[in-house]
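Report on the following structure.
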Amino acid sequence: MKIDIITLFPHMFDGVFEESILKRAITSRKVEINFYNFRDDSKDPHHKVDDTPYGGGAGMVLMAQPIFDCVEKLRTEQSKVILLTPSGIVYKQKVAYDLSKEKHLILICGHYEGFDERIRTLADMEVSIGDYVLTGGEIPAMVLVDSITRLLPGVINERSHIEDSFNENYLLDYPTYTKPRNFKGMKVPEVLISGDHKKIEEFRYQESVKRTKERRPDLWNK
Ligand code: 6GU
């Protein structure tokens, strides 16, 4: 998969994709990530990318021209263009699954106080990562890249995501333990040491159900 990220602040991504699983996914060419600073596409002599809003009001608004030119340069038949904005659909694991099947994603990071409404016409989809306000779309773009990359074939072992929280079955993870068996008086449940795989499976399922009912009744009711 190829992911192009359109941002005024490519350095915000420094380091994020240079460790652990994402680094390995890039090195092994499961995913290719490129950055484009749309300031370079501005036709303004001073490379301006924003201006004051018509009708007045506080703050600056991203202009349509630089982002349009940047997207139009990158876009092909195979591209899916995603605009990161608090007004988008709320991001869920199901969306990550669907997007992990795409060939080419173009992520547009808004910033400052907003963007010209006409930029919306470029997008196939608008995504928000939750009901809170961030300073820009960069951190949401990182969230999308991380959650999508780990679903690509061969990036992590398949079992890990079959059992994940927020998968189709909508159960939270069961508790897990490792050595030692007794840590500060907190003991590992006996069943996990029993070697009885059928019982262990049943225990884990029941714990997932219990945890989901207690912590996320909204998910359980689905
Ligand atoms: Cl995608 N952008 C901004 N600025 N804030 C957000 C968001 C996106 N998702 C949640 N909050």
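Suppose we filter 73, 92, 80 for residues that are touching a residue at least 12 places away in the same chain (Cβ under 8 Å), in the same structural domain as residue 34 (by TED's automatic domain parsing) and in contact with a strand residue (DSSP E or B) (Cβ under 7 Å, 6 or more places away or on another chain); which single one remains?
The unique qualifying residue is 80.
In the stretch 102-133, what residues are farther than 22 Å from residue 68 by Cα and under 14 Å from the mean Cα position of the chain (by Cα)?
129, 130
Give me a count of the residues in the stretch 23-62 that are touching a helix residue (DSSP H, G or I) at 6+ places or on another chain (Cβ under 6 Å), surrounded by 15 or more Cβ atoms within 10 Å (Cβ to Cβ) and over 22 Å from residue 85 (Cβ atoms).
Final tally of qualifying residues: 2.
Of the numbered conditions (1) part of a strand (DSSP E or B); (2) in contact (Cβ under 8 Å) with a residue 60 or more places away in the chain; (3) open to solvent by 20 Å² or more (accessible area, probe 1.4 Å), residue 102 fails exactly one; give the number of that condition.
Checking residue 102 against (1) part of a strand (DSSP E or B); (2) in contact (Cβ under 8 Å) with a residue 60 or more places away in the chain; (3) open to solvent by 20 Å² or more (accessible area, probe 1.4 Å), the one that fails is (1).
Evaluate the following for residue 150: is it among the charged types (D, E, K, R), away from the ligand (no atom under 16 Å from the Cβ) and within 30 Å of residue 208 (Cα to Cα)?
Yes, satisfied.
The values are calculated or read from the model by the stated rules, or taken from the named source; none is laboratory data. Remember, predicted model here, so these are calculated numbers, not experimental data. All Cβ positions, glycine included, derive from the backbone under ideal geometry; neighbour counts span all protein chains shown. Heavy atoms of the whole protein, side chains included, go into the accessibility calculation; ligands, DNA and RNA do not. Shrake-Rupley method; radii C 1.70, N 1.55, O 1.52, S 1.80 Å.
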